[in-house]
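Okay, structure first, notes after.
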Amino acid sequence: MSGNSTYKPKSRLAKWIDARLPLPRIIHDAFEVFPTPKNLNIWYTFGGILAFCLGVQIVTGIVLAMRYTANAQSAFDAIEHIMRDVNYGWLIRYIHANGASMFFIAVYIHIFRGLYYGSYKSPRELIWIMGVVIYLLMMATAFLGYVLPWSQTSYWGATVIINLFSSIPIVGEKITIWLQGDFSVGGVTLNRFFALHYVLPFLIAGAVAVHIWALHVSGNNNPLGIDVESPRDTVPFHPYYTSKDTYYLVLFIIFFAFVVFYVPNFFSTVDNYRPAEYLQTPSHIVPEWYFLPFYAMLRSVPHKLGGVIVMGAAVLTLFFVPWLDSSPTRSTRFRPVMKPLFWALVVVCLVLGYCGAQPADAAIGGLPLVWIARLGTFYYFAFFWLAMPIIGLIETPAKLPASISISGGGGHLRSSRASRRFRLTDSFARPTKPPAQ
């Protein structure tokens with residue numbers, strides 16, 4: 001964080017620590033008095049929720065690793081032992097298993113919020129890029145953890161995904177053998193995946209630290225997408241946003257707890273409770289729900305290598321978003337043409353997820369789902385590689401407000417409710433002097 005520190009040690013011990021390891025000063029400057037735009041809404045709370053999810057996954061993962069055995073003959077039994085015989089093992093396992101889904105729910109909301117409000121635009125390109133890196137690490141960690149129960153779903157899912165790399169010309173077979181650690185998916189693969197699954201969350205934690213560091217250098221974006229012009233536009237992060245984030249975190253925890261205690265297998269399948277059978281292929285192999293849109297893209301291309309390229313390109317496209325969008329306006333709420341296209345993208349991603357969850361030969365009303373997936377895949381790439389560069393050049397955005405503290409412009413801040421919200425926040429941020437008696 002740049003700028004002069006306002007931290008003042010209040011005791012001799014605090015002064016002694018500050019002179020040698022200024023950790024309290026860093027916490028004070030970065031999380032207490034850090035100036036934050038005062039108009040952040042509920043969608044900006046998911047950063048803190050994601051940090052909570054990461055902490056939950058690391059803690060529960062360490063506890064589960066104490067009882068897990070990365071062996072093809074005993075991995076499934078180790079999971080059953082944790083569920084049945086270890087005190088509260090079922091609770092830790094359900095929290096960890098459903099925690100992955102909670103993590104991805106929060107990260108997808110976080111990503112779409114960034115797309116809608118233009119949080120990837122200058123000067124925040126590196127914040128966005130680090131976010132995509134974290135997303136890729138999450139996907140790798142989730143896939144590795146998906147294999148560890150060594151059930152029918154995990155074994156055959158790993159076999160299918162790993163074999164995709166064999167379609168790469170020249171080096172494909174070598175990459176496949178390297179990933180497997182052997183000539184087929186087996187005990188060596190399981191042991192290797194367990195080691196990587198244990199390490200990657202700590203790499204994610206490091207990437208999150210860099211992500212937050214970059215955020216504190218460039219500052220927060222806001223729903224209006226306009227720069228902070230004066231101290232009137234900001235409030236200290238604490239207590240205004242710590243209390244707000246805590247409130248929404250509690251609501252998220254309640255939802256999380258409901259899933260864990262009442263529908264713990266909602267995101268699971270029956271084959272997850274069957275041990276791996278090497279000679280019996282399941283009739284319908286699907287990945288976890290958070291991979292389904294990309295899985296639908298993979299299946300929509302009839303050629304194996306083509307499907308791998310399309311699936312990989314769908315993720316890598318996110319790295320180029322800061323340079324694909326040609327509009328000078330950050331927030332999509334002021335862009336009348338881009339706004340409906342953005343919401344269409346959200347719907348398309350949901351449709352792709354549905355298509356990926358269905359059998360490859362499924363159809364709706366006589367229309368094969370594979371064709372719907374192809375149309376959805378086309379729209380996904382067209383949104384980023386055609387709509388973003390072109391519409392930014394021809395679109396006429398609505399007029400932006402003069403500042404965060406002044407309502408008006410675009411028809412979005414003219415309502416009395418919005419005006420009252422800004423006035424109320426401003427009054428909390430700047431206490432007034434009581435009148436003379």
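The residue pairs whose first member lies in segment 295-323 and is within 20 Å of residue 284 (Cα to Cα) and in the same structural domain as residue 351 (by TED's automatic domain parsing), whose second member is small (Gly, Ala, Ser) and surrounded by fewer than 18 Cβ atoms within 10 Å (Cβ to Cβ), and whose beta carbons are closer than 8 Å, counting only pairs six or more residues apart or on different chains, are 299/360; 304/167; 308/167.
Evaluated against (1) farther than 23 Å from residue 151 by Cβ; (2) over 22 Å from the mean Cα position of the chain (by Cα), residue 279 falls short on exactly one condition, (1).
Of the residues making up segment 329-386, those that are modelled with pLDDT of 95 or more, farther than 27 Å from residue 401 by Cβ and in a loop (DSSP other than H, G, I, E, B) number 0. Checking 165, 193, 183 one by one, the residue that is in contact with a Ser or Thr (Cβ under 7 Å, 6 or more places away or on another chain) and under 25 Å from residue 72 (Cα atoms) is 165 and no other. Looking at segment 251-258, is at least one residue in contact (Cβ under 8 Å) with a residue 12 or more places away in the chain and closer than 28 Å to residue 150 by Cα? Within segment 251-258, one or more residues are in contact (Cβ under 8 Å) with a residue 12 or more places away in the chain and closer than 28 Å to residue 150 by Cα. If you go through segment 105-125, how many residues are over 14 Å from residue 332 (Cβ atoms) and aromatic (Phe, Trp, Tyr)? The number of residues fulfilling the criteria is 1.
The residues listed here are 102, 139, 83, 130; of these, the one that is surrounded by fewer than 19 Cβ atoms within 10 Å (Cβ to Cβ) and touching a residue at least 40 places away in the same chain (Cβ under 8 Å) is 139.
The values are calculated or read from the model by the stated rules, or taken from the named source; none is laboratory data. Here the structure is a predicted model, which is why all the values come from computation and not from measurement. Cβ atoms come from the backbone with ideal geometry, glycine included; neighbour counts cover every protein chain shown.
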